[in-house]
1. Checking the condition closer than 20 Å to P16 by Cβ and of a type in the set (D, E), which residue from D61, D36, D44, D54 passes?
2. Does I63 fit the bill of being aliphatic (A, V, I, L, M) and surrounded by fewer than 16 Cβ atoms within 10 Å (Cβ to Cβ)?
3. Kindly indicate whether any position in segment 46-55 is free of Cβ contacts under 8 Å to residues at least 40 places away in the same chain and in a helix (DSSP H, G or I).
4. Can you pull out every residue in segment 19-41 that is β-branched (V, I, T) and either under 11 Å from L8 (Cα atoms) or assigned to a loop (DSSP other than H, G, I, E, B) (or both)?
5. Kindly provide the set of residues from segment 1-20 that are among the hydrophobic types (A, V, I, L, M, F, W, C), surrounded by fewer than 17 Cβ atoms within 10 Å (Cβ to Cβ) and within 14 Å of the chain's Cα centre (by Cα), ordered by number.
6. Got a sec? Which of G83, G26 is of a type in the set (G, A, S), exposed (fewer than 15 other Cβ atoms within 10 Å of the Cβ) and modelled with pLDDT of 95 or more?
7. If you check L40 against the conditions, is it of a type outside the set (S, T, Y), farther than 27 Å from H85 by Cα and at pLDDT below 95?
8. When the residues of segment 3-18 are filtered to those that are assigned to a loop (DSSP other than H, G, I, E, B) and in contact (Cβ under 8 Å) with a residue 40 or more places away in the chain, which remaining residue is farthest from E59 (Cα to Cα)?
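The values are calculated or read from the model by the stated rules, or taken from the named source; none is laboratory data. From a predicted model like this one, the values you see are computed outputs, not experimental measurements. Here the Cβ is made from the backbone with ideal geometry for all residues, glycine too, and neighbour counts use every protein chain on show.
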Amino acid sequence: MNQTILFLSKDIFFWPVVQSAAQAIGCSLVIINKTDDPKLTQLDYSQVGCCLIDLNCLEADKIIATVEQLREKLSTTRIVAFGPHVHES
């Protein structure tokens, strides 16, 4: 079965890297660059096998709420959030 990877990120330079990895393992990729993206309402959540969240695309005070909203729809799906290992001001 072809599963979907949900990817929340604004980093357009990283999108092709994740797209290539998804294709290599036979998955489709849905890229969301904001939490109110209309694709989120059209997504078949039963097909999502993994959710990747680039923490740089969310305001700090919205991270927990966003993960909680996704968790409601993706109750058994692995959610992986990541951020930079170095943060520059």
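1. D54
2. yes
3. Looking through segment 46-55, at least one residue is free of Cβ contacts under 8 Å to residues at least 40 places away in the same chain and in a helix (DSSP H, G or I).
4. I25, V30, I31, I32, T35
5. I12, F14, W15, V17
6. Among G83, G26, only G26 is of a type in the set (G, A, S), exposed (fewer than 15 other Cβ atoms within 10 Å of the Cβ) and modelled with pLDDT of 95 or more.
7. When the stated conditions are applied, L40 passes them.
8. It comes out as Q3.
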